[in-house]
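Inspection log for the structure reproduced underneath, given as structure tokens.
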Amino acid sequence: MVKKTKKPSNPDLSIKLCGVMFENPTVLFSGIYESPQDLINASKNGAGAITTKSVSIGLREGHPQPRIVKFDHGFINSVGLKNPGLEKAKEELKKMLLESKSPVIASIFADKTSDFQKLAKEITEVKPHILELNLSCPNVEGEFGRPFATDAKISAKVVRAVKKVSKKVPVIAKLTPNVLDIKEIARAVEGAGADGISAINTIGPGMIIDIKTKKAKLGNKRGGVSGPAIKPVAIRCIFDIYEAVKIPIIGGGGITTGEDAIEIIMAGATAVGIGSAVYLRGRNVFSEICKEMKVFMKKEGYKSLKEIRGAAH
Ligand code: RRO
């Protein structure tokens, strides 16, 4: 009789976040793609979920070009919230919800609590799977003041106002790493009713100067820093947030490989935000990261992500 050799089973990458099933934990972070078709293609190319560019009530043209500049270890951006405004964004969201293969996270931004509430009311009528409150854009301080996510009380106030109108759509708060104590902000948004947290937004602002022209490379001079350079900060932030709250975390910041994804899940993330890696590795980055995660999991004998989530604690 031929002896059966037991094949190692294929690791299961599926997750449930805020009651929504994802085939795998990769999430296209907000702001990487603008056009609905590019977002839909990301879902077809294996993203476990896709996040729209943050939308404001009125159309915004964005900051002067260039808006994104590469450096040795990442990127610096000052897009300035370029978006088509609420009405067009609602139409685009409808298309994405019809054609995306994976759950759609609609991201919103405002500089007033009442505008966050208005955006949340209107956007949740279109029924995205999850609503993201961008409380942490680093590039509009000149216009709107410090990001809301630098202040626990203001962050909580926005979440409470949004939760009054968001119906059954889960609400996640996108936090900034640019604070002394991210645990305090995480606890505040959880206490106000947030269903999840997304972190981290970009670090800084930073600046890059062209030494030939003696001028800042970005049109808007200062901008948020992303990419591999910021990964250790992202890992620490997720580690801290996981210790502070019970709600799930979409964790990202410089995640580029499957092993990076495993690392941030071990810090406590349920899902893994992918941003700059799209520019570094191309549009198949989601399926490639999943493949690399499976290679690691098979080698180490892990069958599901539950076995590694928060394992570093
Ligand atoms: O549009 C931007 O400049 C921008 C936003 Br809204 C954000 O949340 N984070 C970022 O790095 N850039």
With the structure loaded, tell me whether I255 is in a loop (DSSP other than H, G, I, E, B), without any contact (Cβ under 8 Å) to a residue 40 or more places away in the chain and touching a strand residue (DSSP E or B) at 6+ places or on another chain (Cβ under 9 Å) or whether it fails that test.
yes
Extreme residue, farthest from A110 (Cα to Cα), among residues of the stretch 74-96 that are open to solvent by 60 Å² or more (accessible area, probe 1.4 Å) and of a type in the set (K, R):
K95
Restricting attention to the stretch 67-101, the residues that are in contact with a Phe, Trp or Tyr (Cβ under 7 Å, 6 or more places away or on another chain) and in a loop (DSSP other than H, G, I, E, B) number exactly 1
List the strands (runs of 3 or more DSSP E) that sit entirely inside the stretch 122-220 and contain at least 1 residues that are over 24 Å from K88 (Cα atoms) and of a type outside the set (A, V, I, L, M, F, W, C).
196-199, 203-207
Residue satisfying condition, being open to solvent by 50 Å² or more (accessible area, probe 1.4 Å), under 30 Å from K298 (Cβ atoms) and of a type in the set (S, T, Y), within set S9, S14:
S9
Looking only at residues that are of a type outside the set (V, I, T) and part of a loop (DSSP other than H, G, I, E, B) in the stretch 258-294, which one is farthest from K44 (Cα to Cα)?
G268
Out of all the residues in the stretch 239-254, is one or more within 16 Å of the ligand (Cβ to nearest atom), open to solvent by 20 Å² or more (accessible area, probe 1.4 Å) and β-branched (V, I, T)?
no
Just a yes or no: is a residue in the stretch 225-232 of a type in the set (K, R) and surrounded by fewer than 19 Cβ atoms within 10 Å (Cβ to Cβ)?
no
The residue that is farthest from the ligand (Cβ to nearest atom), considering only those in the stretch 39-57 that are farther than 12 Å from N24 by Cα and open to solvent by less than 20 Å² (accessible area, probe 1.4 Å), is I40
Scope the stretch 102-118; condition of a type outside the set (S, T, N, Q), part of a helix (DSSP H, G or I) and open to solvent by 10 Å² or more (accessible area, probe 1.4 Å); matching residues
D115, K118
Tally of residues being farther than 16 Å from N201 by Cβ, within 16 Å of the ligand (Cβ to nearest atom) and either of a type in the set (D, E) or modelled with pLDDT under 95 (or both) across the stretch 123-144
2
Listed residues K221, K217; which is at pLDDT 95 or above and away from the ligand (no atom under 14 Å from the Cβ)?
K217
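The values are calculated or read from the model by the stated rules, or taken from the named source; none is laboratory data. All values derive from a computational prediction rather than experimental measurement. Backbone-built Cβ (ideal geometry, glycine too); neighbour counts: all protein chains shown. Keep in mind that these areas ignore ligands, DNA and RNA; they rest on the heavy atoms of the full protein, side chains included. Shrake-Rupley method; radii C 1.70, N 1.55, O 1.52, S 1.80 Å.
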